[in-house]
Amino acid sequence: MTEHVPDTVDNAIATPDKHQPYELLGLKADEYAQIREILGRRPTSGELAMYSVMWSEHCSYKSSKVHLRQFGQKVSEDMKKHLMVGMGENAGVVDIGEGWAVTFKIESHNHPSYIEPFQGAATGVGGIVRDIISMGARPVAVMDALRFGAIDHEDTHRVVNGVVSGISFYGNCLGLPNIGGETWFDSVYQANPLVNALAVGALRHEDLHLANAKGVGNLVVLFGARTGGDGIGGASILASDTFAEGGPTKRPAVQVGDPFAEKVLIECCLELFQGDCVEGIQDLGAAGISCATSELASNGDGGMHITLDNVLLRDPTLTAEEILMSESQERMMAIVRPEKLEAFLAVTTKWDVEASVLGEVTNTGRLIIEWQGETIVNVDPRTVAVDGPVYNRPMEYPSWIDALQADSAAKFARAQTGTELRDQFLALLGSPNEADTDWITNQYDYYVMGNTALHTPDGAGMIRIDEESGLGVALATDANGRYCQLDPYVGAQLALVESYRNVATSGATPMAVSDCLNFGSPENPEVMWQFARAVEGLADGCLELGIPVTGGNVSFYNQTGDVPIHPTPVVAVMGSIDNVARRLPSGWQDEGENIYLLGVTRDELDGSSWAGAVHNHLGGKPPVVDFPAEKALAGLLAAAAHEGIVTSAIDLGTGGLIKALTDGVLRFGVGARVWIDELQQRDGVDATAALFSETTARVIVSVDRTDDVRFRGLCEGRNVPVLRIGVTDTGSASLEVQGQFEVSVEQLAAVHRATLPAHFGPVVGG
Amino acid sequence: MRVGVITFPGSLDDRDALRAVRLAGGEPVSLWHDDHDLQGVDALIIPGGFSYGDYLRCGAIAAHSPIMREVIDAANKGLPVLGICNGFQVLVEAHLLDGGLIRNDHGTFIRRDQKLRVENVDTAWTNTYELGQEITIPLKNGEGGFIADDETLKRLEGEGLVTFRYLDVNPNGSLNDIAGLRNARGNVVGLMPHPEHAVEAGFGPDADRMQSGTDGLAMFVSVLTDTVLSK
Amino acid sequence: MPTVIVEVMPKEVLLDPAGKATARALQRFGDGEITDVRIGKRFEITLNTDVTPELLEHIGELARDVLSNQVIEDVTSIHVAD
């Protein structure tokens, strides 16, 4: 038998020179010295556990903080108007009117999803949903932005299958509609897939809850799943250090998700909020109890006294350090007034959720944790949760970037014939990043809850929030790692405007941003430069568009071997719409409607899907970003949706005009006849650029002929360039680009839908 | 008419079923799995979801939950009961309907707009459909493969108890394309697809317009105008 | 024909949601004598040849690499059926 000897504060004072394995816990020598200075003694092993996880990059944002500040600084008064809760809380909260608010956030779960794709992705969904619950909201939808390695690499199959079935399993069992997202394949993500999960929730203004521990004497209650040895690989080091003899059980680094427990937890929490049983609440994610206690105390009256023995354990052999670090899923911590405890426990009992009182809120300014009758932690919680180390990491302009930007796709000969254009188009349409993702999204439930107004393959997802009025929200996520590799400042802005435009295209008005910034190692000065530029671009862009960043997360150390991933700042934009009945479809449904192209086209093919899919090339400079044009376009679309004078709207993104036209055809299987000669003449571009250029601030819309005059008037009034480029055609069942080529709807569908099934297996009914 | 919807821990489409009852013109009543009280409802829906996580076998634990004793009793006395997806699995586990439901033959969860043929209109839940009517109803499940031994299958077909059949595509390997069943009396019906997700234009499957499909509404209307059982 | 039986269990230290939910259900029927349930998998592998130590080792490899996911599961038993 081995016996665990807890390291107490008294013991720490008595043995100041005891060696502590801080390096194995990821702390640097100067950070360890800083902890000793803060405490005026060596930390106990429990304190070391807390500091090490809370001062990790993941929890402390120590490398990114100095840059992220811009999101709070580059803000106009107008941007704050609808913001109820900004950055820093579990998730931002935006007022969408009629007494309703919406909270949303996107977060990464990249590294666990490579080690164990199924559980990694599943717990990624679980974690972000708990962030939404802890704001007092009912989660109403999820989305996911995924990046995998090369589609034909032997390991990609394992990761894709695991991640998709993990998201499917967890999200479907939770009963949350999965309304959108995006999937890219690129070898830069081979040993480092990106799994970014977004969740959105709705609440009445008065139901807002925050993560703080206020009110001396209020109780600290841990509820939900029991605490086990999940995700505490690191803590075993401490355990081995404190075991009197023998070794500890080796603890795995993965966590196992239980969506059933989380579903019950959602309903339980909502009932607790309804019964006014909760003063403050925090979910347990990374760093578990260490994080929840120190953050709640820091944000409240400053102190907390808890007894760790009261934590309900799944595994009774856990040491105190392990309990502090455990990342067991589906747990929450609530601050409860003593007179409300009975009501609180009645609700948890009803839902068969276990709860235990760990201790109480104090105003001592200290977080004190007892274990087996002795004090094992006595710290100022702010030093753990708020005032961690901050680094101004060295940055360096990448040595390779000038050469990369000089290597323009202009060197490739342009297509001379319609047949050549057609071949390039079909190559692009079947390329992994443009191909249909039914194989993935068919595994997600988008019907549950009965409020889904738009979903994949529509450019944005849309959810009705109020059944009476039809008030709803639209969401889209975007990131283009290729553009960010060429220029992270512009690349981040391109992700922003693309996402913004996708929301606008649904008929909603963009209101707020959440971002998930996926980068390589911050210790690499070139990566740090990419990060700084991307953040600057995003902050400047948000100021231009007048929509605030409300939260998000940073994921560093994403690399395959020594090679960092392309910078991948995933930008999620949320917008609101007065009545989802006025939303805009993402395809045409009727015969003989006019198709208009809004915006102008430049010859911008560097870094495009065309360059990648047709020429396997990445180089040059990304498209220009035009914020005033984006705003004008969004305003026009909102007005057109409100007045019901366009029958569909499709954003032009990767793949350019021809991909948008294909989307319009395939959505409902209605063909179109299109001409591009006027476009070529007006904008001075050749056929290749007309079809494949990825110039921003462009959308195609369809308009019923009887609304033509009103529509053109609207465009003129708002100074949005407009050109009629085609008509919808139910008769021909094809997409025809006049004078160039024609492809049947059947063939479009076949090419578009073949790629993923060819690698991952058949689609049911496909 | 009051139609109850039972919520088990892990039920997901319970609120959707309540909404469907309301849209059909009925009075929805929320029931809790842990009660022994059906609150005098005139009909009952066991909704979709993953009751108790569906970890043992789908519907297995729910079939033994407290309220099910009353449900089985009432069903045997003729109370109209509809089991949707997980609810169908519960009815099968509770032996109110025959056969079993196993993992989809392709091994993954599938969500699709599924074409069905109404094979039997002499039930409490299908009497406002036309016999042979083709309808589109969203399907979403991981374990919807219907199985039964040869003898049971022969009896189900012989007695005309197959109520819905998959058309065009069999999405999960169900024997004889069986999507839904009734009991001999016609008061109990179970099906894997989700009629409650095709009851409101704008939020259903694509039909002649985007998301305009409401083919599921007739199921909830049927029970309100139930002529079969009162015959 | 000999049959080799392989048993795979979720790692003891990890959460077993299926076992937990099933334990709760069984506890409702009992008097508190059931404290826990864990759910694993049993594979019966039929051979057309005699079992040799080499073959058993090979099956062990397959059990570790294919039948189980070593990140979250353990092979707890490999034995020849009577």
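The values are calculated or read from the model by the stated rules, or taken from the named source; none is laboratory data. Fair warning: this is a prediction, and the values are worked out from it, not measured in the lab. In this analysis, Cβ positions are derived from the backbone assuming ideal geometry, glycine residues included, and neighbour counts consider all displayed protein chains.
Miscellaneous remarks
- Filter result (touching a residue at least 60 places away in the same chain (Cβ under 8 Å) and within 14 Å of chain A (Cβ to nearest Cβ)) within segment C:51-74: C:Ser68, C:Ile72, C:Glu73, C:Asp74
- Count - residues of segment A:754-766 that are within 16 Å of A:Ala613 (Cβ to Cβ) and either within 14 Å of chain B (Cβ to nearest Cβ) or not in a helix (DSSP H, G or I) (or both): 1
Table: residues versus (1) more than 19 Å from B:His194 (Cα to Cα); (2) under 18 Å from the mean Cα position of the chain (by Cα).
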site	(1), (2)
B:Val3	no, yes
B:Asp13	no, yes
B:Arg19	no, yes
B:Asp35	yes, no
B:Gln39	yes, no
B:Ile46	no, yes
B:Ser51	no, yes
B:Gly78	yes, yes
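- Meets criteria (under 27 Å from B:Gly142 (Cα atoms), of a type outside the set (Asp, Glu) and either at the interface with another protein chain (Cβ under 8 Å from one of its Cβ atoms) or free of Cβ contacts under 8 Å to residues at least 12 places away in the same chain (or both)) for B:Gly4: no
Yes/no per residue for (1) within 13 Å of chain B (Cβ to nearest Cβ); (2) of a type in the set (D, E, K, R); (3) under 24 Å from A:Ala122 (Cβ atoms); (4) buried (at least 24 other Cβ atoms within 10 Å of the Cβ):
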position	(1), (2), (3), (4)
A:Trp439	yes, no, yes, yes
A:Asn442	yes, no, yes, no
A:Gly459	no, no, no, yes
A:Glu468	yes, yes, no, no
A:Thr477	no, no, yes, yes
A:Tyr483	no, no, no, yes
A:Leu494	no, no, no, yes
A:Ser499	no, no, no, yes
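- Residues in segment B:193-211 that are at the interface with chain A (Cβ under 8 Å from one of its Cβ atoms), free of Cβ contacts under 8 Å to residues at least 40 places away in the same chain and over 23 Å from B:Pro28 (Cα atoms): B:Arg209, B:Met210, B:Gln211.
- Residues of segment B:45-70 that are small (Gly, Ala, Ser) and either more than 12 Å from B:Leu12 (Cβ to Cβ) or modelled with pLDDT of 90 or more (or both): B:Gly48, B:Gly49, B:Ser51, B:Gly59, B:Ala60, B:Ala62, B:Ala63, B:Ser65.
- Of the residues making up segment C:1-12, just one is surrounded by 19 or more Cβ atoms within 10 Å (Cβ to Cβ) and either free of Cβ contacts under 8 Å to residues at least 60 places away in the same chain or within 12 Å of chain B (Cβ to nearest Cβ) (or both), namely C:Pro10.
- When residues of segment B:56-70 are limited to those that are within 12 Å of C:Ala21 (Cα to Cα), of a type outside the set (Lys, Arg) and surrounded by fewer than 24 Cβ atoms within 10 Å (Cβ to Cβ), the one farthest from the other protein chains (Cβ to nearest Cβ): B:Ala60
- Options A:Asp578, A:Asp540, A:Asp603, A:Asp562: the member that is without any contact (Cβ under 8 Å) to a residue 60 or more places away in the chain and either out of contact with any helix residue (DSSP H, G or I) (no Cβ under 6 Å at 6 or more places or on another chain) or surrounded by fewer than 24 Cβ atoms within 10 Å (Cβ to Cβ) (or both): A:Asp562
- The condition (being without any contact (Cβ under 8 Å) to a residue 40 or more places away in the chain, surrounded by 15 or more Cβ atoms within 10 Å (Cβ to Cβ) and assigned to a helix (DSSP H, G or I)) is satisfied by just one residue among A:Glu342, A:Glu420: A:Glu420.
- Residue selection: C:Ser77 fails the criterion of being within 14 Å of another protein chain (Cβ to nearest Cβ), hydroxyl-bearing (Ser, Thr, Tyr) and either exposed (fewer than 12 other Cβ atoms within 10 Å of the Cβ) or under 30 Å from A:Leu313 (Cα atoms) (or both).
- Breaking point among (1) touching a strand residue (DSSP E or B) at 6+ places or on another chain (Cβ under 8 Å); (2) more than 9 Å from every other protein chain (Cβ to nearest Cβ); (3) within 26 Å of A:Gly450 (Cβ to Cβ); (4) surrounded by fewer than 18 Cβ atoms within 10 Å (Cβ to Cβ), for B:Gly173: (3)
- Listed by first and then second residue, the pairs linking a residue in segment A:679-693 that is surrounded by fewer than 19 Cβ atoms within 10 Å (Cβ to Cβ) to a residue that is in a helix (DSSP H, G or I) and aliphatic (A, V, I, L, M), with Cβ atoms under 8 Å apart and 6 or more places separating them unless they lie on different chains, are A:Gln680/A:Ala687; A:Gln680/A:Ala690.
- Qualifying residue in segment A:127-136 (condition: within 11 Å of another protein chain (Cβ to nearest Cβ) and in a helix (DSSP H, G or I)): no
- Those residues of segment A:353-368 which are of a type in the set (Val, Ile, Thr), within 34 Å of the chain's Cα centre (by Cα) and assigned to a strand (DSSP E or B), in sequence order: A:Val357, A:Val361
- Residue satisfying condition, being farther than 17 Å from A:Glu354 by Cα, surrounded by fewer than 24 Cβ atoms within 10 Å (Cβ to Cβ) and out of contact with any Leu (no Cβ under 9 Å at 6 or more places or on another chain), within set A:Glu267, A:Glu271, A:Glu279: A:Glu279
- Residue in segment A:551-581 that is nearest to the other protein chains (Cβ to nearest Cβ), counting only those that are modelled with pLDDT of 95 or more, in contact with a Gly (Cβ under 6 Å, 6 or more places away or on another chain) and under 22 Å from A:Ala512 (Cβ atoms): A:Val580
- Picking from residues in segment A:501-536 that are without any contact (Cβ under 8 Å) to a residue 60 or more places away in the chain and surrounded by 24 or more Cβ atoms within 10 Å (Cβ to Cβ), the one that is nearest to A:Val571 (Cα to Cα) is A:Ala534.
- Total residues in segment C:9-66 satisfying the condition of being in a helix (DSSP H, G or I), under 27 Å from A:Ala261 (Cβ atoms) and either in contact with a strand residue (DSSP E or B) (Cβ under 8 Å, 6 or more places away or on another chain) or aliphatic (A, V, I, L, M) (or both): the figure is 6.
- Single match in B:Ile147, B:Ile178 (criterion: surrounded by fewer than 16 Cβ atoms within 10 Å (Cβ to Cβ) and in contact with a helix residue (DSSP H, G or I) (Cβ under 9 Å, 6 or more places away or on another chain)): B:Ile147
- Residue match in segment A:144-160 (condition: assigned to a strand (DSSP E or B) and within 14 Å of chain B (Cβ to nearest Cβ)): no
- A single member of A:Gly234, A:Gly275 is modelled with pLDDT under 80 and either more than 14 Å from chain B (Cβ to nearest Cβ) or touching a Lys or Arg at 6+ places or on another chain (Cβ under 8 Å) (or both), and it is A:Gly234.
- In segment A:446-456, residue nearest to the other protein chains (Cβ to nearest Cβ) [restricted to those that are within 27 Å of A:Leu496 (Cα to Cα) and either touching a helix residue (DSSP H, G or I) at 6+ places or on another chain (Cβ under 7 Å) or modelled with pLDDT under 95 (or both)]: A:Ala453
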